[in-house]
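Comments concern the structure below.
The values are calculated or read from the model by the stated rules, or taken from the named source; none is laboratory data. Please read these numbers as outputs of a predicted model, since none were measured by experiment.
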Amino acid sequence: MAAGSESDEGARLATTTRVRRVRVPRALLVAVRLVQIAYYTLAVWKEL
């Protein structure tokens, strides 16, 4: 029982780390996109 539960926990940790590795780059891309949009908006607003 104990060994089985430990292996299950290991599998859960592996899946969570995989999901996090996939989610983090998406969040970074969204953040970079927002920064680019804000910077572009500021540049256009200053020109006006």
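In the list Ala14, Ala27, Ala2, which residue meets the criterion of being at pLDDT 70 or above and among the small types (Gly, Ala, Ser)?
After applying the criteria, what remains is Ala27.
Could you tell me whether the stretch 35-44 includes any residue that is in a helix (DSSP H, G or I) and modelled with pLDDT under 90?
Looking through the stretch 35-44, none of the residues is in a helix (DSSP H, G or I) and modelled with pLDDT under 90.
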